[in-house]
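**Student:** Okay, here's the structure, questions in a sec.
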Amino acid sequence: MVRLFRTNYLRNTAEIGGVWDFVVDGGGEYKLPVPGCWEMHPDLGTYRGSGRFTKSIYVERDCNLRLVFKGVSHTARVAFDGAAVAQHYGAYTPFDAVITGVCAGWHTICVDVDNSFGEHSALHMPNDYYTYGGIVRPVVCEYLGDAYIERIEFVPKKTPGGWQADLRVFVRNISGGDMDLAICGEIAGNRLDFAGQNIAGNGVFSGIFDIQNIDEWDISNPNIYLLNVQLLQNGTAIDDLIERVGFREVLVDGEKILLNGREIFIKGFNRHEDHPIFGMSLNLQAMATDIALIKDMNANCVRTSHYPNDELFLDLCDEHGILVWEENHARGLSEEKMRNPNFDRQCEECIDEMVKNHFNHPSIIIWGVLNECASNTEYGRDCYARQIAQIKALDKSRPVTYATHFKYRDISLDLADIISWNIYFGWYENIPAMENVTKLLEYSDANGGGAKPVIISEFGGGAIPGYRDRRRVKWSEERQCDILEETLAAYLHHPRITGAIIWQFCDCLVTEEEWYDRRPRTKNNKGVVDQFRQPKLAYDVVKQHFGIGSTMELGRFFDEYIRKG
Ligand code: ADA
């Protein structure tokens with residue numbers, strides 16, 4: 001499954017899933033499922049290198065084809081009937097290839113995939129998560145005419161009278177000539193008509209429309225609507241694209257984050273896309289299980305640590321009212337690693353693809369960049385500034401932040417709309433949680449972070465599943481309970497803290513290189529559930545604290561209770 005809804009009725013599309021032939025470079029031949037990770041095959045459990053996927057497809061009629069790859073880990077080179085048509089770096093964002101003048105008949109798609117580490121890869125490297133190998137997310141074949149709708153940007157705007165839709169529809173004319181084109185659309189019974197244009201290549205249709213009879217999207221009522229857009233030539237619809245959107249507005253107001261004008265407290269989990277059976281290619285059932293557990297623990301947020309997520313998971317967050325902090329791919333890169341000659345370009349491409357492809361998900365309320373990279377040096381600060389500016393140029397409707405671990409040495413706090421700290425009191429530092437939050441706030445307020453919302457974006461401790469010890473020593477499930485007990489009690493009720501995001505939802509695989517000695521089972525064991533999603537003792541500690549809620553939420557609850565009488 002690619003999305004939770006049909007994205008096209010007019011345009012003929014088909015997922016190219018099933019089983020593809022796979023040949024390991026210089027090695028064996030396999031038949032592997034796509035999407036999937038090659039590590040799931042017993043011969044390839046730790047394989048790091050390259051190989052070729054091959055699939056034949058039958059095209060019923062002469063047409064233009066668009067192959068959309070939702071994710072290939074981590075580098076792809078795509079050939080169609082032997083001719084190179086696309087290449088892409090980065091496992092976590094989609095890319096496409098448009099092939100014009102395809103004749104009816106059988107055709108062959110070859111994808112050379114490489115998940116090796118080295119100078120060529122500035123973002124995928126040995127790390128505290130695992131870079132899998134394969135065509136890890138779905139592949140879709142789209143049959144196009146001479147022009148098509150490439151993407152849509154929908155920005156909901158709250159007005160005194162209700163809501164407006166600020167729309168931009170991006171169109172590509174691949175006919176080789178110019179075309180008189182127009183756009184029409186509909187959402188919740190509201191018609192959307194755009195004036196026609198003569199378009200020779202790429203074009204954009206823009207318009208702002210008053211929208212009637214809709215209900216807002218928010219955590220407890222995640223109302224979503226189908227935005228149906230059609231491309232017209234001489235009054236006839238020649239293509240279409242459907243998006244699912246929500247009418248909600250997220251703003252930063254001083255130290256508060258407002259959703260539809262109401263203050264919210266963000267409480268949730270950092271979640272890696274990782275599973276012992278599926279690798280990073282979780283299916284809908286596995287994703288839905290994660291969502292159910294996250295909601296059962298009374299959380300309202302997921303941070304996509306540390307990369308853009310599968311759109312199917314974002315669709316689930318849209319439907320369930322789960323707030324999302326989505327971030328570009330990077331974890332813990334020193335200035336030296338940020339100086340890799342491929343770093344800037346690979347980050348820039350990831351950000352561009354993340355924002356453009358995930359723009360319309362109402363659940364995404366925050367964009368993040370560069371988790372725990374060198375925001376403590378001038379060179380690093382320049383990278384943060386460029387990437388934050390790039391996001392803001394692509395999307396003015398959401399705040400931008402980054403998670404730092406440089407407590408009193410961060411020199412980039414002024415660049416962020418929200419201040420976010422990864423701090424592990426009780427695990428890496430045995431200092432009382434409240435004491436250091438106060439000191440952190442003093443530093444932040446004096447160094448660019450004053451009068452901004454503050455999120456504790458990572459906190460927690462490790463617990464080996466099933467390791468119980470009445471001494472409550474580190475790595476026992478009891479100790480993880482104690483750490484989360486203290487930190488949740490501190491962060492949910494601190495007057496300056498707007499969010500608390502636990503590290504992490506589930507245990508995840510890490511790379512053996514550089515991490516085996518600090519990660520028992522070659523896993524990051526700070527999950528509140530284990531890799532099979534079996535709850536640890538801390539599950540009920542989290543459920544209780546998130547269920548009681550933050551002081552802010554309690555205060556709002558009583559205000560509403562008193563107001564209603
Ligand atoms: C960092 C990092 C996480 C994880 C965590 C840990 O904050 O952002 O990816 O590595 O530490 O478990 O130590």
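The values are calculated or read from the model by the stated rules, or taken from the named source; none is laboratory data. None of the values given here were measured: they were computed from a predicted structure. Backbone-built Cβ (ideal geometry, glycine too); neighbour counts: all protein chains shown.
**Student:** Filter segment 487-517 for residues that are in a strand (DSSP E or B), aliphatic (A, V, I, L, M) and within 15 Å of the ligand (Cβ to nearest atom) and give the result. Break it down stepwise before answering.
**Tutor:** Initial filter on segment 487-517 (in a strand (DSSP E or B)): 497-502, 506, 508-509.
So of that shortlist, the ones also aliphatic (A, V, I, L, M) come out as 497, 500-502, 509.
ALA500, ILE501, ILE502, LEU509 - these are the residues of segment 487-517 that are in a strand (DSSP E or B), aliphatic (A, V, I, L, M) and within 15 Å of the ligand (Cβ to nearest atom).
**Student:** Pick from segment 465-486 the residues that are more than 15 Å from the ligand (Cβ to nearest atom) and in contact with a Pro (Cβ under 8 Å, 6 or more places away or on another chain): which of them is nearest to ILE266 (Cα to Cα)?
**Tutor:** Here is the first cut: in segment 465-486, the residues more than 15 Å from the ligand (Cβ to nearest atom) are 465-473, 476-478, 481-482, 485-486.
Restricting the remaining residues to those that are in contact with a Pro (Cβ under 8 Å, 6 or more places away or on another chain) gives 477, 486.
Numbers: GLU477: 25, GLU486: 18 Å.
Going through the qualifying residues, I end up with GLU486.
**Student:** Sticking with this one: Look through TYR402, TYR384 and report the one residue that is farther than 22 Å from PRO495 by Cβ, within 24 Å of the chain's Cα centre (by Cα) and part of a strand (DSSP E or B).
**Tutor:** Testing whether each residue is farther than 22 Å from PRO495 by Cβ, within 24 Å of the chain's Cα centre (by Cα) and part of a strand (DSSP E or B) leaves just TYR402.
**Student:** Within segment 288-295, does at least one residue satisfy the condition of being among the charged types (D, E, K, R) and under 27 Å from VAL252 (Cα atoms)? Walk me through how you get there before you give the answer.
**Tutor:** Quick first cut of segment 288-295, residues among the charged types (D, E, K, R) only: 290, 295.
Remaining after also requiring under 27 Å from VAL252 (Cα atoms): 295.
Yes, that holds for at least one residue.
**Student:** A further question on this structure: Could we say that ARG244 is farther than 30 Å from GLY268 by Cα and either touching a His at 6+ places or on another chain (Cβ under 8 Å) or of a type in the set (Lys, Arg) (or both) here? Talk me through it step by step, then tell me what you get.
**Tutor:** Numbers: farther than 30 Å from GLY268 by Cα: no; either touching a His at 6+ places or on another chain (Cβ under 8 Å) or of a type in the set (Lys, Arg) (or both): yes.
Criteria not met by ARG244.
**Student:** Is it true that some residue in segment 393-414 is modelled with pLDDT under 95, within 16 Å of the ligand (Cβ to nearest atom) and surrounded by fewer than 19 Cβ atoms within 10 Å (Cβ to Cβ)?
**Tutor:** Yes: segment 393-414 contains one or more residues that are modelled with pLDDT under 95, within 16 Å of the ligand (Cβ to nearest atom) and surrounded by fewer than 19 Cβ atoms within 10 Å (Cβ to Cβ).
**Student:** Of SER334, SER281, which residue is outside the structural domain of PRO35 (by TED's automatic domain parsing) and crowded, with 24+ Cβ neighbours inside 10 Å? Talk me through it step by step, then tell me what you get.
**Tutor:** Details: SER334 fails: crowded, with 24+ Cβ neighbours inside 10 Å.
Answer to the selection: SER281.
**Student:** Okay, moving on. Would you check which residues across segment 474-525 are of a type in the set (A, V, I, L, M) and touching a strand residue (DSSP E or B) at 6+ places or on another chain (Cβ under 9 Å) and list them?
**Tutor:** Matches in segment 474-525: ILE483, LEU484, LEU488, ALA490, LEU492, ILE497, ALA500, ILE501, ILE502, LEU509, VAL510.
**Student:** Restrict the check to segment 443-456 and report whether at least one residue is in contact (Cβ under 8 Å) with a residue 40 or more places away in the chain and surrounded by fewer than 21 Cβ atoms within 10 Å (Cβ to Cβ). Steps first, please.
**Tutor:** Within segment 443-456, the first condition is being in contact (Cβ under 8 Å) with a residue 40 or more places away in the chain, and the residues that meet it are 451-456.
With the extra rule that they be surrounded by fewer than 21 Cβ atoms within 10 Å (Cβ to Cβ), the set shrinks to 451.
Looking for residues that are in contact (Cβ under 8 Å) with a residue 40 or more places away in the chain and surrounded by fewer than 21 Cβ atoms within 10 Å (Cβ to Cβ), one finds at least one in segment 443-456, hence yes.
**Student:** Of these, ILE418, ILE423, which one is closer than 24 Å to VAL473 by Cα and either under 23 Å from the mean Cα position of the chain (by Cα) or modelled with pLDDT under 95 (or both)?
**Tutor:** Values: ILE418 fails: closer than 24 Å to VAL473 by Cα.
Step by step, each of ILE418, ILE423 is checked, and only ILE423 is closer than 24 Å to VAL473 by Cα and either under 23 Å from the mean Cα position of the chain (by Cα) or modelled with pLDDT under 95 (or both).
**Student:** Here is a follow-up. Grab the strands (runs of 3 or more DSSP E) fully contained in segment 1-46, keeping just those with 3 or more residues being of a type outside the set (Lys, Arg) and out of contact with any Leu (no Cβ under 8 Å at 6 or more places or on another chain).
**Tutor:** Passing ranges, in order: 12-15, 29-33.
**Student:** Let me ask something else. Given ILE366, ILE391, which one is more than 23 Å from ASP215 (Cα to Cα) and within 19 Å of the chain's Cα centre (by Cα)? If you could, list the steps in order and put the result at the bottom.
**Tutor:** Working: ILE366 fails: more than 23 Å from ASP215 (Cα to Cα).
Result of the check over ILE366, ILE391: ILE391.
**Student:** Follow-up. Here are the criteria: (1) on the phi < 0 side of the Ramachandran plot; (2) at pLDDT 95 or above. Tell me which single one GLY118 does not satisfy.
**Tutor:** (1)
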